[in-house]
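**Student:** Have a look at the structure that comes next, please.
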Amino acid sequence: MSSRDGRSSIENPHRTTFDPPRLSWTASDLLKGEKMHYRETLGRSTFIYEDIDLDLDGAVDATAIMHKVNDDENDNTYATHHRDALPEACYQGHLATVRLLLDEGADVDARSDDYGTALQAASSEGHESIVKLLLEWDADLDAASSLHGTAIHAAALEGHSQIVQMLCDAGANVNAQDGEYNDALQAASAGGHCEIVRMLLDSGAEANSQGGYLGNALQAASLGPYSEGGTTSDLQLAYSGEYGRMLTQEFVDSQKKSARMSFNSRTNDNAQTQLSGSAQPRTSAKNHRMVQMLIDKGADVNAQGGAYGSALQAASATGLLEIVQLLLHNKADVNAQGGLYGNALQAACFEGHEMVVQSLLSNGADIDARGGTYGSALQAAVYEGHDKIIMMLLGDGADVNIEGGFYGNPLQAAAYEGNDEIVHALLDLRAKINTQGGFYGSALQAASARGHSTIVETLLDNAAQVDMQSPNPDAILEVVDFWGRDRVSRILLGERCYEESSPTLDDNTQSAFSGSALQAASSQGYEGIVQMLLDRGADVNAQGGLYGTALQAASSQGRKAVVQILLDRGADVRAQSGFHGDALRAAIAGKQHEVVQTFSFKIRFQASFVGMLQRCVASGF
């Protein structure tokens, strides 16, 4: 575009004599530009010149923008699109744009779904000059949103100490409660910002304020170093589950993964960082100082609540030995129950922190305390395969047959994970091989469900009962009640459930509904294990579990080879039981065409079978 004097607008970016272009730009277009560097007023219109890489077509008529920002509320398109203008400008750090919008009548306390209030947006991003401007315009210091809490929460979490001081000096409520971290002190502690913690305490922050994701500031500080870009949202998702109810294995696995993601995101300086599960303790001088500071201000070391239940469990989960010792020195209850792991010892065992485990045991931790997802410290260590910790626990007298938790007992956990050495070690210590309980019912069912043929053989050689049924039929009803019959039906058909709020099941967890090891192996198609179990005397027509029979389990999942093995061993095609009623209906419901064809040779002339096939063809089978 050329100007009237023949030069391009890029060569002459500050030219003031031109006709304003007819604009259809929006407020958000304005915010996409580079930093503003020039402003002047011509008559009743205000023009902003962008960086020199923008032509005069980029000059924006602010009056037109403000007309659209303040458009009729009935115009939902503009009202929805432009109400974010001021918060977005504050978030992006465009001081000139913020000043312009305020001068033209924008609401200083405007808020958006993405950024919260304008003051929160500027505070979270550390834009001091914009915060100062908003304060001059009397922005509401304590306006809250679910995203950040209040402005001081946002600044504290992100470590913007100058803004925290500005807000304190302006009279912000340091004890305002809202947002994920409840208050500014917890936010600063979670962020690992020692000086801001000190500043807030000096400004009257309450050290024992309870609430929020991490329960209190002490628990947040005890959790360990925070890394920008890593938050606790993943762990929060895991923690939201109902641990007292029947859970699926995939949910437990995702819980473990999410927890570790959160832990590993909280890294210290390179010289101090240790991987989770290392034999060497992790350290954090800043967090140690914060914990001591909070204790000196009267923080209750035994306060309950939050994701980890207590400060001691948080420090134990992340392997911060020095903080664990500091909390114990200040009379933290080593056996406090609650939180994600049930207790501090189970947390340390699950995460593989050997020195923390030693410290907790030497300070009186109950080695057989029950609770948490894995029921006991031994089961947690067994599930994760931490051999040294397992030996430590067994050497200190841990009960090898302790019951409880997702897997029922340590042997079932080891069988599920396929850890041959641990299975042998537990059996050598007289673990009860036929103990019933847990999601899989028994160690043999767990190993069969996962296809661990070596462990199946080991268990059978040690007198595992091949036809033992699940001891708790009500557990199946609880699962059906928890997810709903329709969802269970989809699970049995092999379909995934993607609802974010619900656990999902895959091929390795569907067998949890089986009533016996043979059903578990059959549903997964483990031909070798099926043969082994049958050779050891398994009843091919044993009934129980959600599938009813092994044949129905294999049929519903389309395990054609297993179906043939079972039929050759005398499986009854017409046996009535289970979710689908019989094996044929199970195959039809799962649209397992080849299995249905196999059955057709067995019951070719049965009238009900012919009628059923006709209905299936009519429905698109």
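**Student:** For a protection proxy built on the mean count of beta-carbon atoms within 10 angstrom, sort 216-223, 538-545 highest first, please.
**Tutor:** 216-223, 538-545
**Student:** OK, next. Take Ile433, Ile588 and order them by how many other Cβ atoms sit within 10 Å, fewest up front.
**Tutor:** Ile433, Ile588
**Student:** Shape verdict for region 317-362, please, from the Cα gyration tensor: rounded (a/c under 1.5), prolate (a/b greater than b/c) or oblate.
**Tutor:** In terms of gyration-tensor shape, oblate.
**Student:** Among Asp368, Asp178, which comes first, second and so on when ranked by fewest other beta-carbon atoms within 10 Å?
**Tutor:** Asp368, Asp178
**Student:** Give the shape of region 298-379 as rounded, prolate or oblate, defined through the alpha-carbon gyration tensor: a ≥ b ≥ c are the square roots of its eigenvalues, a/c under 1.5 means rounded, and otherwise the shape is prolate if a/b is larger than b/c and oblate if not.
**Tutor:** Oblate, because a/c is 1.5 or more while a/b does not exceed b/c.
**Student:** Taking a ≥ b ≥ c as the square roots of the Cα gyration tensor eigenvalues, with a/c under 1.5 meaning rounded and otherwise prolate when a/b beats b/c, else oblate, which class fits region 541-601?
**Tutor:** Oblate shape, in that a/c is at least 1.5 and b/c is the bigger or equal ratio.
**Student:** Would you mind counting up the charge near Ile455? Only other residues with Cβ under 10 Å from its Cβ, with Lys and Arg at +1 and Asp and Glu at -1.
**Tutor:** -2
**Student:** Moving on. For Arg289, Arg450, which order do you get if you count the other beta carbons within 10 Å of each Cβ and list the fewest first?
**Tutor:** Going from least to most buried by this count: Arg289, Arg450.
**Student:** Using the Cβ atoms and a cut-off under 15 Å, what net charge is assigned to the surroundings of Asp368, where Lys and Arg are +1 and Asp and Glu are -1?
**Tutor:** -3
**Student:** Here is a further query. Amide H of Thr117 versus every other amide H placed in the peptide plane: which residues, excluding those fewer than 5 positions away on the same chain, fall under 5 Å?
**Tutor:** Here Ser112 satisfy the definition.
Quick note: the coordinates plus some simple rules give every number you see, no bench work behind them. Owing to the predicted nature of the structure, the values given are computational and were not obtained by experimental measurement. For neighbour counting, all protein chains shown are included, and Cβ atoms are generated from backbone atoms with ideal geometry for every residue, glycine included.
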